[in-house]
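The next block holds one structure in the form of C-alpha cells; read it before the comments.
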Amino acid sequence: MRENSHQTSRSAYFAEVLKWIFLIAGLSLLIGSAVALFLWSLNKATTTRFEYPWLLYFLPLGGLVVVWIYRKYGAGSEGGNNLIMDQIHEPGGGVPVRMAPLVLFGTVVTHLFGGSAGREGTAVQMGGSLASFLVRHLRLAPTRIPTLLMAGMAGGFGAVFGTPLAGTVFALEVLSIGQIHYRALLPCFLTSVLSDIVCKTWGAHHDTFRIKFFVSHELSIPTGISLGLKVVLAAIAFGLCSRLFASAVHALKDLFAKYIPFLFRPIVGGLLVIGLVWVVGTRDYLGLSVSSPNPDGITLGSFFSSNQIHYHSFFWKFVFTTITLAAGFKGGEVTPLFFIGAALGNALAGILGAPPDLFAALGFVAVFGAASNTPIASMIMGLELFGVNDGVFIAAACIIAYCASGHRGIYGAQKITIPKH
C-alpha cells in the first residue's frame, strides 16, 4: 500500500514538472516574440523620428492620445510594473491582458515623437501580462500565480536587454528589499533564457558596449588603492543620484496629479520637453539616447568609445526623463538610468582623473541597481555586458551605490523586508 502511494506521489510530481516545462516554453515563446516585435517597432519609431524631425512638435498630441486610450480602455493597466508586483505580493484581480498591447503602443508613440523614456518597463509589463493570460486560460491554482508572474517579469527583462542572467535575478530581487524569492528561481531562469533565445531568433539586436581599460594583475598597490578610492567616491555619487532621480519622478508625478487635469498632463509635459530642446540646443536627450542622426552626437555608446568628457549630459537626461515619465508618457526608467549613470561616471572620471570608459560602465549598472534596489542583478548585468576583468570594481560600485541610495526606489510597490541599515 505504501509502495503504491509512493509511486502515485512520484507520478504526480513528474506530471507537475512536465506541465511546468510546457507552461514555461509557451510563455517564453510568447514573451520572446512580443519583445522582438517591440524592439523592431521601437527601432522603426526612432529612425522615423530621425528622418522627420518635425514629429517632435506632435509630442503633446501623441501623449494626449496615449493617456486618453489608457483612461478609456486600459482600466486596471495604469499601475504598470507596480501592478504586477502587487499581484505577486497579494494575488487578487490579476494583471489585465490588454496591458501588453496598450503599453507597447504607448511606448512606441512616446519614442516616435521624442519622449525621453526607456523600454524595460514595457518589456516587463508585457511579460507579466502574457503570464497572467496563461494563468487565466489554464486555470492554474492561485499558489502558482506569483511564480508565473515573476517568470514573466524575468523573461521580459532578460529578452529586452539580452541579459538573461540579470533578468532572472532581477525578478527574484526586485519585489522586496533585503529578500530574494528563491522559490521561483528555476522558472525565472528558464523563462529568461528561453525568451532571450526566442527574441534573438527573430533577429532582434541588442546594444553592446566595451571597456578598453581593465584592471591588471600587475597594477601597483598605490595605483590600485588610488583607483579603488575613486571608485568608492563615484559609487556614493551614483547612489545619491539614483535616490534623487526616484524622489524627483515621484514628486513631479504628485505635482502633475495635484495641479493639472489628467488629459492636460502630457500636453504640458510635451511642451516642456520641446522647450528644453530649444534651451539645450540638441535632440540627443530624446528617446532612448542610444543612437543619434548626428555622427558627433551624445549617445550612451559615446561614453565608452571616446575619451571626451561630458560634464552636463547626465543632468539634462535626468531632467528630460523626469518630465516625460511624470507627465504620463509610457516606457521605462532603466535605459534612461543607464544613460544617466554612464554620463555621470564619465563626468566623475574627468573630475577624479580616472578611466572614462570604466567609470561609465560602473555608473551604467550602479545607478540602475541603486534606483531599483537590485544590487545583485545589476552586478550580474555588469558582468554579462562588460566581462569579468573589472568585476571587483563593478561589484563594489553596485553595492556601495545601493547602500547610499536609501529605501525609496523607482518602484512604489517594492516592499522593505530587511532594511538596508
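The values are calculated or read from the model by the stated rules, or taken from the named source; none is laboratory data. These numbers come from a predicted model, not from an experiment. A quick note on method: Cβ atoms are made from the backbone with ideal geometry, for glycine too, and the neighbour counts reach across all protein chains shown.
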Could you check, for segment 285-295, whether at least one of its residues is part of a loop (DSSP other than H, G, I, E, B), touching a residue at least 60 places away in the same chain (Cβ under 8 Å) and more than 21 Å from ALA360 (Cα to Cα)?
yes
Can you work out which of the residues in segment 259-284 that are assigned to a loop (DSSP other than H, G, I, E, B) and of a type outside the set (Gly, Ala, Ser) is surrounded by the most Cβ atoms within 10 Å (Cβ to Cβ)?
ASP284
Can you tell me which of ILE197, ILE260, ILE211, ILE180 is outside the structural domain of MET85 (by TED's automatic domain parsing), hydrophobic (A, V, I, L, M, F, W, C) and touching a residue at least 12 places away in the same chain (Cβ under 8 Å)?
ILE211
If we keep only residues of segment 285-298 that are farther than 22 Å from VAL65 by Cα and out of contact with any Phe, Trp or Tyr (no Cβ under 7 Å at 6 or more places or on another chain), then the residue surrounded by the most Cβ atoms within 10 Å (Cβ to Cβ) is ILE298
Among the candidates MET99, MET85, residue that is surrounded by 21 or more Cβ atoms within 10 Å (Cβ to Cβ) and farther than 24 Å from LEU64 by Cβ
MET85
Select the helices (runs of 4 or more DSSP H) contained entirely in segment 305-419, then report the ones holding at least 2 residues which are outside the structural domain of ALA154 (by TED's automatic domain parsing) and polar (S, T, N, Q).
313-326, 334-352
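Rundown of residues vs (1) under 21 Å from the mean Cα position of the chain (by Cα); (2) crowded, with 21+ Cβ neighbours inside 10 Å; (3) farther than 16 Å from GLY114 by Cβ; (4) not charged (D, E, K, R), yes/no style:
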{"position": "VAL35", "(1), (2), (3), (4)": "yes, yes, yes, yes"}
{"position": "ASN43", "(1), (2), (3), (4)": "yes, no, no, yes"}
{"position": "THR48", "(1), (2), (3), (4)": "no, no, no, yes"}
{"position": "PRO53", "(1), (2), (3), (4)": "no, no, no, yes"}
{"position": "LEU56", "(1), (2), (3), (4)": "no, no, no, yes"}
{"position": "GLY62", "(1), (2), (3), (4)": "no, yes, no, yes"}
{"position": "TRP68", "(1), (2), (3), (4)": "no, no, yes, yes"}
Scan segment 61-79 and tell me whether some residue there is touching a residue at least 40 places away in the same chain (Cβ under 8 Å) and on the phi > 0 side of the Ramachandran plot.
no
